[in-house]
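First comes the structure, then the notes that go with it.
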Amino acid sequence: MISALAAAISMAQNPAPSTETLKKANTRPADPKSAQTDPFDGASVEKMTGQCVTLDTESGLIVIEMLPKAAPETARSFLNMAASGALDTTTFSRVVRDFVIQGGNLSTSEKWNIDLAKRMAHHLPDEPSAVRHERGIVSMARAEEPNSATTHFFILVGNGPHLDGKFSAFGRVVRGIEVAVAINHAPLEGETPLAPVRIKLATVAPCSK
């Protein structure tokens, strides 16, 4: 059952989220054990400010500073994914040369399970802001429909002014942009990496000054 849901969501989420499959996944009976809370549930913007997520990838470290004032719900979701281990062993499954690398496809996880499927079925509100989509900005991928972002995120290795005011920018790479560039420049077939780079471990800690 989980493998079937994984296949359905993977097809819908790579390269871009599709709300139809996720709506179907969301119609499953509620799990009575799903009352668990994530570390940053209910966290204030002040508490999330100054937090950094480190992605320990197979190509090196990428450190992302959160911008919760710009997109509080999006930043909270990303912090929760990192702190809960949801991003561990997932890959950067989509790349657009000299533009973005995209991660957050939880169905690529070596630990794929029903909890990750439920996380991918949760939609986030659109939170466009004045943050410009420039090299190093981290933002949420979504379908054409409003409020359709789930867990997919992208890191810009080039500038994307056409994304400004449309997508939810929630973070900025403060260390390791060269790692993102290396991932972006690896061999591709279309927008699919021939050897997708895996996030070995994602951690949350106060940003170092």
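The values are calculated or read from the model by the stated rules, or taken from the named source; none is laboratory data. If you're wondering where the values come from, they're calculated on a predicted model, not measured in any experiment. Cβ sites come from the backbone with ideal geometry, for glycine too, and all protein chains shown count toward neighbours. Areas reflect the complete protein model, heavy atoms only, side chains present, ligands, DNA and RNA absent. Shrake-Rupley method; radii C 1.70, N 1.55, O 1.52, S 1.80 Å.
Would you please give the FRET efficiency between Arg135 and Lys47, computed as 1/(1 + (r/R0)^6) with r the Cβ-Cβ distance and R0 = 30 Å, to the nearest 0.05?
Numbers: r = 28 Å, r/R0 = 0.94.
With a Förster radius of 30 Å, E is 0.60.
Using 0.36 nm per residue of separation minus the Cα-Cα distance, give me the extension gain between Leu188 and Lys69 in nm, one decimal. The partial results should precede the final answer.
On the way: separation 119, 0.36 × 119 = 42.84 nm, distance 3.53 nm.
Contour length minus the Cα-Cα distance gives 39.3 nm.
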What is the spin-label model distance, in nm, from Asn147 to Asn113 if the labels are put 7 Å beyond Cα along the C-beta direction? 3.0
Segments 147-156, 131-140 sorted - mean Cβ within 10 Å per residue, highest first: 147-156, 131-140
Once amide H atoms are built 1.01 Å from N in the peptide plane, which residues 5 or more positions from Val157, or in another chain, come under 5 Å H to H? Phe99, Val100, Ile101, Gly136
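What is the Rg over Rh value, at two decimals, for region 112-209, using alpha-carbon atoms and the Kirkwood definition of Rh? Provide the component values of the computation, followed by the final result.
Details: Rg = 14.8 Å, Rh = 15.2 Å.
We get a ratio of 0.97 for region 112-209.
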Mind checking the per residue accessible area of region 61-209 for me, 1.4 Å probe, whole number of Å²? 42
